[in-house]
1. Keeping all protein chains in place, calculate the accessible area per residue for segment 167-326 (probe 1.4 angstrom), answer in Å².
2. I'd like the carbon and sulfur percentage of the solvent accessible area for the chain, probe radius 1.4 Å, heavy atoms only, ligands and nucleic acids excluded.
3. Report ³J(HN,Hα) in whole Hz for each residue of segment 209-219, in order, from the Karplus equation J = 6.51 cos²θ - 1.76 cosθ + 1.60 where θ = phi - 60°; Gly and Pro get x.
4. To the nearest µm²/s, what D does Stokes-Einstein give for segment 325-372 at 37 °C and 0.692 mPa s, using the Kirkwood radius over alpha carbon pairs as Rh?
5. Under a 1.4 Å probe, what is the accessible area of segment 105-161 per residue, stated in Å²?
6. Taking the Cα centre of segment 126-243 as origin and charging only Cβ (+1 Lys, Arg; -1 Asp, Glu), how large is the dipole, in debye to the nearest 20?
7. Using only the alpha carbons of segment 427-537, what is the convex hull's orientation-averaged projected area in square nanometres?
8. Heavy-atom accessible area per residue, segment 384-461, 1.4 Å probe: how many Å²?
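The values are calculated or read from the model by the stated rules, or taken from the named source; none is laboratory data. Small disclaimer: the values here were computed from a predicted structure and weren't measured. Using ideal geometry, Cβ is built from the backbone for each residue, glycine included, and neighbour counts are taken over all protein chains shown. Heads up: the accessible areas ignore ligands, DNA and RNA and are worked out on the full protein's heavy atoms, side chains in. Shrake-Rupley method; radii C 1.70, N 1.55, O 1.52, S 1.80 Å.
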Amino acid sequence: MMGTYTARSLLCLLTLLLLCAYSAAPSASAAPIGVPNLQQCELASDTSVTGTPTTLQFNCCLPITQNVISFSFNKYKTQKRVRQAAHTVREDYIATYTRAYELMKALPDDDPRSFYTQANIHCAFCNGAYRQAGNSSVPLQVHFSWLFLSWHRWYLYWHERILQSLLGDPSFSLVFWNWDDQRDGGNVMPAMFARNGTALYDEKRNPANMPPAIVKLRPGTTGNNSVIINQNLNDMYQNVVTASSAELFHGGAYRTGTDLSNSTVILAPLGGSIENGVHNGVHFWTGNPALPLIQDMGTFTTASRDPIFYAHHSNVDRLWDKWKYGLPGGQRSDHTDADFFNAEFYFYDETATLVKVNVRDSLDNSKLGISYPSVAADELWVDYSPVASTNGSAVAAALAAGVPSVGASPQNGTIALGARLAAIVKAPAASSSSSSKAEVLTIQGLQVTRDSFVSLNAFVNLPFANVSTATSSAEYVGTFNIVPSASKYRKLTANVKFEIGDNLQRVGIQNEPEVVITLTVSGTQPVTIQGLLIEFE
């Protein structure tokens, strides 16, 4: 009896010790991004991309306020509102919208609610003005990772509340620039933002892209309006519909200690398809290429100085909801990592109080009182069915043309892309375990200096594709748009991922042991990679 009791006691004690050791052990997921110390601010920087290369510095430091509170839904009850497409709102609403920005722009610069400070919020957290909490050697960055969508949703939420307060109208809401609408008029710059002399106008936009010019979601697109529209539809299909996982759509993990300015971090997170693709494309299309920074919209430092920025990001926010709830196959899931949920940010509310928020509370727009109308034109890109331009595998033709085989890093060394690179890449055999996984092309160790805008296109089964190849066919995989960045983030090294299973099936080469991958580069910056890998994830 005594022996049994002792054994049980020892077993309980051992179990307790193991539990304590487990709870005390460092976790791989225990370093969420925290709020920075606003009193420790440095000049933000950006590098000119036209003319003589020059590093420009900006004081984007934010006002220090006495009060800091944590967000809760009880504290910030909100009236439900529906954000409307900018090209559909009536003149009386445009007048109210214009008045809201007049009031915001009339506030003193040091007022946290002013348009000046509101624009600086984006500059401060995107161009290195603050350091990570818990690791002061690393700049804080809210682009290029899983933080992108949530941070910008919160940014819009507080910006909208301030405008409501200034108007005294809790029903006021932002509009969204419906640039993915290729049928009903959304794919041009909304007229309400193109009226010179109003508070919604920004003179630092590309003069060649004023209405009625159709938005080119992929920089470099050429052809008549019909050609542009078809390529826009395929960009939306590839960026949103086929990006079925959180990593592909949102971007990769970003934790305290991750340094996006460190060019040696090959596994550094990179933004998802929505950010790297059409989001960056619209920024570039709107900014003025004749100005040193392609400002205002063409660089993160100044983008939010243009009122159209907030309408642009309202559409990005709408597309996040569309990705989760409105695509075939049922609801899709955001990241489920605790470091994703618990990442924290600072914003100012309508009383100029500093508020601490987290990612978890941003994941359901309905709790924030925000919704978007059903957009009939979405069906064009949701149901887009790109037609293959090839018939059968192009591997034999590629071999005859001397196209090399390229494998996974590190067996290749460093490969310079030049204007294009065609390669034969091994494809994994499908199995029962891979049926629920995405087939992903990873461009490993892509490296570029972000001194100017660079656009990389990926194709399957087109060994002779070049920068002029149309992107409306099933062989087009997607685009990685590289926005010029501040000196702290100029050197980029990361893995770039595209879902290609849908492409391979449409072309009819899903069972081939090898496929041809072609990368084309538009831009003047040299781009190198370390390898190409296709696998199920």
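1. Normalised by residue count, the accessible surface of segment 167-326 is 28 Å².
2. With neighbouring chains kept in place, the figure for the chain is 53 percent.
3. Once rounded to whole Hz, the list reads 10, 6, x, x, 4, 7, 4, 9, 5, 10, x.
4. So the translational diffusion coefficient is about 255 µm²/s.
5. On a per-residue basis, 22 Å².
6. About 260 debye.
7. 7.3 nm²
8. Numbers: 3360 Å² over 78 residues.
Counting only protein heavy atoms, the per-residue value for segment 384-461 is 43 Å².
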